[in-house]
Amino acid sequence: MAELREKIDAEFENLEQVVQELPQADALHKLSSLELNGVAVLVHNFYNGVENILKQIARSQSLKLTDGPSWHRDLLGSSRAAGVVSDHTAERLKEYLGFRHLFSHGYAFNLEKERLVPLAAELPQTLQQFKKDIEKAVQRLAGE
C-alpha cells in the first residue's frame, strides 16, 4: 500500500505542476494559436496523469486492464463501476478523455478553442474533485 501511495503522490505532484503552468482562466481567450497549443499539451498531460493513477489503483486490486483501442474508455468505466471515482467525476473526466483522443489523433491547427478553453479553465476544480475521490478510494483500499 505504501508503494501505491508513493506512486499516486508523485502523479499528483505532476498534476499540480500542470495546474501551475496553465494560464489563468480569464487569459485563456486572449491566447494565440501557438499558446493555445501549449495549453492543449497541458490538458492532455492532465488526463495522462489521471489515467496513470487509475491504472495504479487497478493494478493494486489485481484488476485486468483491457487492451485495444477502447482501453482508455474501459479504464474510466471500470474505475467508475468500482467506486474509485464518483459518477460526477467520471462524467467530468469523460470530457478530458474525449479531448485526449482528438489531441492524440489530430493536428494542432484543428484544435477547437471553444472546446479547449472550458476544459483548461475547469481543470483545477476537476483535479480537486478527482483528488478527493482518489483519497477516498485509497483509504478504502487500506481498510480492506
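None of the figures in this text is laboratory data; all of them are computed from the coordinates on show. Not measured: the values here are computed from a predicted model. Neighbour counts run over all protein chains shown; Cβ positions are idealised from the backbone, glycine included.
Here are the numbers:
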item	result
Given K55/K113; K7/K113; K7/K132; K94/K132; K7/K94; K30/K132, the pairs whose alpha carbons are separated by over 28 Å	K55/K113; K7/K113; K30/K132
Loop-located chymotrypsin sites (Phe, Trp or Tyr not before Pro) in the stretch 85-144 whose Cβ has at most 10 other Cβ within 10 Å (DSSP)	Y107
Built amide H within the under 5 Å cut-off of L31, gap 5+	none
Debye, to nearest 20: dipole size of the chain, +1 on Lys, Arg Cβ, -1 on Asp, Glu Cβ	340
Cleavage-rule hits, GluC sites (Glu not before Pro), the stretch 59-121, DSSP coil, Cβ neighbours within 10 Å at most 13	E112
Table column - 3J(HN,Hα) (Hz), the stretch 123-132, Karplus curve with 6.51, -1.76, 1.60, x for Gly and Pro	4, x, 5, 5, 4, 5, 5, 4, 4, 4
Cα lying deepest toward the dipole's positive end in the chain, options Q17, Y96, L63, charges on Cβ	L63
Equivalent ellipsoid, the stretch 2-143 (semi-axes from 5 times Cα gyration tensor eigenvalues, Å)	27, 17, 12
Note, ³J(HN,Hα) from phi for the stretch 69-81, Karplus 6.51, -1.76, 1.60, rounded to Hz, x at Gly and Pro	x, 9, 4, 5, 5, 4, 4, 5, x, 6, 5, 5, 4
Dipole of the stretch 2-143, positive direction: furthest Cα of V84, T126, H44, with charges on the beta-carbon	V84
Relative contact order (%) - the chain, alpha-carbon pairs under 8 angstrom, separation at least six	31
